[in-house]
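S.K.: Sharing a structure below in structure tokens format, with a few things to ask.
The values are calculated or read from the model by the stated rules, or taken from the named source; none is laboratory data. Quantities reported herein were computed from a predicted structural model and do not represent experimental measurements. Note that each Cβ is placed from the backbone with ideal geometry, even for glycine, and that neighbours are counted across all protein chains shown. To get the accessible areas, we keep the full protein, side chains included, count just its heavy atoms, and leave off ligands, DNA and RNA. Shrake-Rupley method; radii C 1.70, N 1.55, O 1.52, S 1.80 Å.
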Amino acid sequence: IYDVKLEDGSLVAKSSVDGVEFALYDGHFCPAIEKSVYTMRKGETASLRVNPRYAFGSHGRSAQNGLSAVPPNAAITITLTLVAYKLYEIVTDDHLVIKKITRCGEGFEKPNSGTTTQIRYIAKLSDGKIFEKKGYDGEDPFEFKVDEEQVIEGLDLAVSTMKRGEVAFIIINHEYGFGEIETNAQLGVVPARSTLYYEVEILGFTKVTESWDMEPDEKLEYAAKRKEEGNAYFKAGKYQRAALRYVMATKYVEFDSTFSNEQKKLGKFFKVSCGLNNVVCKLKLKEFSEAAKLCSKVLEVEPSNVKALFRRSQAYLEIFQLDQAEIDLKKALDIDPNNGELLRLFQRLKNLQSYYDNKETKTYAKIISKLKI
């Protein structure tokens, strides 16, 4: 519930007595309301003085419903009461999968990759038509493994954020649903580009055994399996999923104090090979800073690894850290002076350095000429 006034007390806007419901990621009325609600408790009332930047800026706001207009660059005051809230969670950074929690879950654990999860759900189209229903009317819960492409991506991602016993309403854009094609589902047809609405309850899950509960041979076997899965996803162009598999493989051989000498050698192989494969995924995804960090981890294990030096220099070039790229390339060329990939990348580095040196020289010359005038 709110009312908004100019500094002279003129009323600009007023919500209904029941208040107004809106999603924080959509905002409401002016930026100040969204930013303030984030900090408030249920039932709290706040008085705000809002500068133009978080009100209506240089454009102001025309008079509406017979109330006062907001002149350009005018401050406003807001009396704001948070009556109630529903828990929303942005599942994907692009806001195309959104979850509204309708019943909170228990504890802190959530399903991780490979977790066997039991849920029940009702899936609807925007007109309310049910196209799929699982785990109801005496039917066993629907069981699937998280992050194994056994359900649509949006549902997969949303379930991975849920706790035991949690109930949520999930809105899934077609990009994370059935995409551009018409699909025959259990109870009806899903038209192309449909936004989907899922009511999901997570009944339970059995997480993948953690590394500390495995024997050394089991850890190595697990790492080998995840590496193989990562390679398959990489070949299919699914770099995000591949990267996750490589991370999991290295995680299970990270601590090798209980390994025999032979097992340590194999563990080192997985650390290096999966680390380098993950770097390629990050380069494909244009996550260059992350790629450079992963190379550094590999170089902690093998300081003279030419591939790690080469790929880190690639990443450095993309984020214009030319000096660091040069150090890596020179070290790699000392180890392998006839490597064609290294030589070509080194030439690219020299071209970039020459370009920026030239640019700086011209800029400096312009400054000097202006000073002489």
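S.K.: Pairs under 6 Å by beta carbon, first residue at negative phi in segment 225-244, partner among the basic types (Lys, Arg) and open to solvent by 40 Å² or more (accessible area, probe 1.4 Å), six or more apart or different chains?
M.R.: TYR239/LYS284
S.K.: Also, quick follow-up: Please verify whether segment 181-194 includes one or more residues that are open to solvent by 70 Å² or more (accessible area, probe 1.4 Å), under 25 Å from the mean Cα position of the chain (by Cα) and on the phi < 0 side of the Ramachandran plot. Talk me through it step by step, then tell me what you get.
M.R.: Keep residues of segment 181-194 that are open to solvent by 70 Å² or more (accessible area, probe 1.4 Å), which gives 181-182, 184, 186-187, 193.
Those left that are additionally under 25 Å from the mean Cα position of the chain (by Cα): 193.
When the remaining residues are screened for being on the phi < 0 side of the Ramachandran plot, the result is none.
No, there is no match, as no residue in segment 181-194 is open to solvent by 70 Å² or more (accessible area, probe 1.4 Å), under 25 Å from the mean Cα position of the chain (by Cα) and on the phi < 0 side of the Ramachandran plot.
S.K.: Among the residues of segment 276-301, write down those that are open to solvent by less than 40 Å² (accessible area, probe 1.4 Å) and either of a type in the set (Val, Ile, Thr) or closer than 18 Å to ALA332 by Cα (or both).
M.R.: Once the filter is applied, which keeps residues that are open to solvent by less than 40 Å² (accessible area, probe 1.4 Å) and either of a type in the set (Val, Ile, Thr) or closer than 18 Å to ALA332 by Cα (or both), segment 276-301 yields LEU276, VAL279, VAL280, ALA291, ALA292, LEU294, CYS295, SER296, VAL298, LEU299.
S.K.: Considering only segment 19-66, state which residues are of a type in the set (A, V, I, L, M, F, W, C), closer than 30 Å to THR92 by Cβ and in a loop (DSSP other than H, G, I, E, B). Walk me through it before giving the result.
M.R.: The first filter runs over segment 19-66 and keeps only residues of a type in the set (A, V, I, L, M, F, W, C), leaving 20, 22-24, 29-30, 32-33, 37, 40, 46, 48, 50, 55-56, 63.
Keeping just the survivors that are closer than 30 Å to THR92 by Cβ gives 20, 22-24, 29-30, 32-33, 37, 40.
Once the filter is applied, which keeps residues that are of a type in the set (A, V, I, L, M, F, W, C), closer than 30 Å to THR92 by Cβ and in a loop (DSSP other than H, G, I, E, B), segment 19-66 yields VAL20, PHE22, ALA23, LEU24, PHE29, CYS30, MET40.
S.K.: Residues in segment 186-208 that are of a type in the set (Val, Ile, Thr) and closer than 22 Å to GLY105 by Cβ: how many?
M.R.: Narrowing segment 186-208 to residues of a type in the set (Val, Ile, Thr): 189-190, 195, 200, 202, 206, 208.
Subsequent filtering for residues that are closer than 22 Å to GLY105 by Cβ retains 200, 202, 206, 208.
Residues flagged as of a type in the set (Val, Ile, Thr) and closer than 22 Å to GLY105 by Cβ within segment 186-208 amount to 4.
S.K.: Please verify whether segment 4-11 includes one or more residues that are of a type in the set (S, T, N, Q), touching a residue at least 12 places away in the same chain (Cβ under 8 Å) and in contact with a Phe, Trp or Tyr (Cβ under 7 Å, 6 or more places away or on another chain). Steps first, answer last, please.
M.R.: Going residue by residue through segment 4-11, those that are of a type in the set (S, T, N, Q) are 10.
From what's left, touching a residue at least 12 places away in the same chain (Cβ under 8 Å): 10.
Still in the list and also in contact with a Phe, Trp or Tyr (Cβ under 7 Å, 6 or more places away or on another chain): none.
No, there is no match, as no residue in segment 4-11 is of a type in the set (S, T, N, Q), touching a residue at least 12 places away in the same chain (Cβ under 8 Å) and in contact with a Phe, Trp or Tyr (Cβ under 7 Å, 6 or more places away or on another chain).
S.K.: Of the conditions (1) surrounded by 17 or more Cβ atoms within 10 Å (Cβ to Cβ); (2) assigned by the TED database to the domain that holds GLU149; (3) touching a Gly at 6+ places or on another chain (Cβ under 8 Å), GLU106 satisfies every one except a single condition; which number is it?
M.R.: (1)
S.K.: For segment 128-172, give me each residue that is among the hydrophobic types (A, V, I, L, M, F, W, C) and in a loop (DSSP other than H, G, I, E, B).
M.R.: Within segment 128-172, the subset among the hydrophobic types (A, V, I, L, M, F, W, C) is 130-131, 142, 144, 146, 151-152, 155, 157-159, 162, 167-172.
The answer is VAL146, VAL151, ILE152, MET162.
S.K.: In addition: Could you list all residues from segment 9-65 that are small (Gly, Ala, Ser), exposed (fewer than 12 other Cβ atoms within 10 Å of the Cβ) and modelled with pLDDT under 90?
M.R.: GLY43 - this is the single residue of segment 9-65 that is small (Gly, Ala, Ser), exposed (fewer than 12 other Cβ atoms within 10 Å of the Cβ) and modelled with pLDDT under 90.
S.K.: Further question: What is the residue count in segment 109-127 for residues that are outside any strand (DSSP E or B) and either open to solvent by 40 Å² or more (accessible area, probe 1.4 Å) or closer than 20 Å to GLY165 by Cα (or both)? Quick ask: steps written out before the conclusion?
M.R.: First pass over segment 109-127, keeping only residues outside any strand (DSSP E or B): 109-115, 125-127.
If we keep only those that are either open to solvent by 40 Å² or more (accessible area, probe 1.4 Å) or closer than 20 Å to GLY165 by Cα (or both) too, we end up with 109-115, 126-127.
The qualifying residues number 9.
S.K.: Go through LYS268, LYS238 for me and flag whichever is of a type outside the set (Gly, Ala, Ser) and under 23 Å from GLU148 (Cα atoms). First the steps, then the outcome.
M.R.: Working: LYS268 fails: under 23 Å from GLU148 (Cα atoms).
Just one listed residue meets the conditions, LYS238.
S.K.: Just need a number here: residues in segment 69-104 that are at pLDDT 90 or above, assigned to a loop (DSSP other than H, G, I, E, B) and closer than 30 Å to ILE152 by Cβ.
M.R.: Of the residues in segment 69-104, 1 are at pLDDT 90 or above, assigned to a loop (DSSP other than H, G, I, E, B) and closer than 30 Å to ILE152 by Cβ.
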